[in-house]
Amino acid sequence: VVLEEVNRLCRGDHHYRGPHVYNSICTEPLPLAAEVADRYRHANLLDNRIFPGLTEAESRVTAMLGGLLGEPDSRGGITSGGTESNLLALLAAVEDFTRRTGRSRSRAEIVLPESAHYSMDKAVAVLGVRAVRARLETGRYTVDVADLASKIGANTAAVVVTAGTSESGAVDDVAGAAEAARRRGVWVHVDAATGGFLIPFLDDPETYPFDFRVEGVRSVTLDPHKYGYAPIPAGYLLLRPDGGDEPLAFASHYRGTLDRFSLLGTRPGWAALAVYACLRGLGFLGYRKAVQELMALRGHLLRSLDGAGFRPAFRPDLTVVGVDVDDPERVVDGLEGQGMIASLSRRHRFLRLVVQRHQTLDDLDALIGRLSELRASSRALP
Ligand SMILES: Cc1ncc(COP(=O)(O)O)c(C=O)c1O
């Protein structure tokens with residue numbers, strides 16, 4: 001009875017597959033990872049005496065992801081997602097600031113682009129520090145590095161940049177920002193929640209240097225539950241192995257190990273195993289193929305939009321495509337009326353479409369067909 005009740009609750013929900021979901025960075029998990037998650041539902045990553053295998057899986061994942069991002073000896077661990085990873089990274093950076101400068105936490109400032117994810121607002125609020133925003137480059141959605149550099153001062157605890165914003169997919173000039181921060185010994189955090197599982201697998205990853213290969217980068221957020229194809233929740237935080245992770249170690253009241261890299265106490269052990277399964281199951285070549293397929297979908301979408309006479313709002317860096325449309329609210333509502341979920345950038349007023357692997361070429365054609373109908377019906381209005 002209860003199961004039926006639950007099924008009824010979700011009856012109106014959309015499936016990722018089919019011409020429905022055009023706004024989501026998350027998607028169906030890899031079947032292998034879903035199976036692992038189902039089998040190990042009971043496992044608690046807090047308790048590594050009952051479940052030592054989880055800690056081993058987590059440390060292997062840390063080594064694999066660290067290797068991918070240019071620092072095989074990275075410290076790090078699984079989190080519940082980008083929000084938690086960003087909060088923990090800023091906590092480590094702020095503690096580093098108090099040690100480095102002898103100033104109190106309340107003086108600390110975080111310099112970040114206007115385009116930074118709103119999880120940074122939460123982190124800043126929780127930590128009781130001040131956000132200092134750097135403007136974006138005119139006509140683009142990447143941070144203006146000169147403006148960002150001009151905002152770094154004696155109270156800067158961290159400089160944040162984004163490798164793949166969720167709003168436009170823009171990849172900031174991480175090397176430029178890191179250069180400015182490094183001169184003053186300031187922590188650089190890269191939020192690669194979205195881009196972390198995309199950029200390393202592009203044909204030309206050097207276009208967007210964003211990881212530990214960039215001198216000065218101290219921490220990187222990346223999210224297996226986005227383009228890593230792990231089930232939700234599975235985030236990751238990596239830190240350079242230079243002692244900066246000490247503030248993230250909290251001793252429990254009982255005999256056991258320190259709790260690191262996690263805001264949560266009891267947490268899903270299956271997530272570490274599912275991420276491990278994704279990395280081992282897909283491997284570098286599997287992720288590379290997935291990214292090639294995404295880029296083929298994006299190419300088709302851009303060509304078809306152009307063919308149908310729609311203007312792109314910007315040249316996409318990764319998997320977010322922006323379209324300039326008149327009255328974007330009406331367009332988003334009109335799509336939703338046909339069971340198609342797209343989104344719009346509230347700040348920049350473009351229709352925001354996200355390419356993900358649950359889509360097919362036919363799904364993208366269906367979307368463009370509906371967009372063309374909506375445009376025709378708005379022109380028909382008096
Ligand atoms: C760049 C970026 N940072 C942080 C987040 C927050 O991640 P989560 O929703 O997993 O907490 C997102 C989510 O889309 C993101 O794109």
Using the per-residue mean of other Cβ atoms lying within 10 Å as a proxy for protection, in what order, highest first, do the peptides 31-38, 107-114 fall?
-> 107-114, 31-38
Karplus couplings for region 158-167 from phi (6.51 cos²θ - 1.76 cosθ + 1.60, θ = phi - 60°), rounded to Hz, Gly and Pro as x?
-> 7, 10, 10, 9, 10, 9, x, 5, 6, 6
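Pairwise over distinct Cα atoms, reciprocal of the mean inverse distance: report the Kirkwood radius of region 1-61 in Å, one decimal place. Working shown, then result.
Numbers: mean 1/r = 0.0668 Å⁻¹.
One decimal place: 15.0 Å for the Kirkwood radius.
Val1 to His42: extension gain in nm, 0.36 nm per residue of separation minus the Cα-Cα distance? Write out the running numbers ahead of the final one.
Numbers: separation 41, 0.36 × 41 = 14.76 nm, distance 2.40 nm.
Using 0.36 nm per residue and subtracting the Cα-Cα distance, I get 12.4 nm.
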Residue among Val220, Val161, Val132 with the largest mean-square fluctuation in a Gaussian network model of the chain, springs linking Cα atoms under 10 Å | Val132
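Select from the chain the helices, each a whole stretch of DSSP H, whose alpha-carbon atoms run 15 Å or more along the helix axis and whose Kyte-Doolittle mean is at least -0.5; answer none if there are none. Please list the in-between numbers first.
On the way: long enough: 52-68 (24 Å, 0.27); 82-101 (28 Å, 0.07); 269-307 (47 Å, 0.47); 361-380 (29 Å, -0.07).
Correct list, ordered by number: 52-68, 82-101, 269-307, 361-380.
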For Lys226, list the aspartates and glutamates whose Cα falls under 12 Å from its own Cα; do not include residues on the same chain fewer than 8 positions away.
-> Glu28
Tabulate in residue order the Karplus-calculated ³J(HN,Hα) for region 245-250, using 6.51 cos²θ - 1.76 cosθ + 1.60 with θ = phi - 60°, rounded to whole Hz; enter x for Gly and Pro.
-> 8, 3, x, 9, 9, 10
Long-range amide H partners of Ala116 with built H, under 5 Å | none
Residues of region 100-138 with amide N under 11 Å of a point placed 7 Å along Cα→Cβ from Glu179 | none
For Ala131, residues with placed amide H under 5 Å, excluding near neighbours | Ile110
Just rank Met340, Met64, Met120, fewest to most, by other beta-carbon atoms within 10 angstrom.
-> Met64, Met340, Met120
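If you stretched the chain out fully between Leu9 and Ser104, how much longer would it get, using 0.36 nm times the residue separation minus the C-alpha to C-alpha distance?
Working it through step by step, the gained length comes to 29.3 nm.
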Comparing Ser252, Ser219, Ser372, which has the greatest mean-square fluctuation in the GNM of the chain with Cα pairs linked when under 10 Å apart?
-> Ser252
Listing Arg352, Arg357 by rising number of other beta-carbon atoms within 10 angstrom, fewest first, gives Arg357, Arg352
When you count, for each residue, the other Cβ atoms within 10 Å and take the mean per peptide, how do 81-88, 200-207 rank with the highest first?
-> 81-88, 200-207
With Cα springs under 10 Å, the Gaussian network model of the chain assigns the largest mean-square fluctuation among Asp242, Asp121, Asp191 to Asp242
Please list the non-local residues whose amide H lies under 5 Å from the amide H of Asp259, H modeled 1.01 Å from N, same-chain partners needing a gap of 5 or more.
-> Phe250, Ala251, Ser252
Partner aspartates and glutamates for Lys151 [C-alpha distance under 13 Å; skip if fewer than 8 residues away on the same chain] | Glu109, Glu114
Can you check what the net charge comes to around Leu258, using other residues whose Cβ is under 11 Å from the Cβ of Leu258 (Lys, Arg +1; Asp, Glu -1)?
-> -2
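Bear in mind these aren't lab numbers, they're just calculated from the coordinates by the rules spelled out. Computed from a predicted structure; not experimentally measured. Cβ atoms come from the backbone with ideal geometry, glycine included; neighbour counts cover every protein chain shown.
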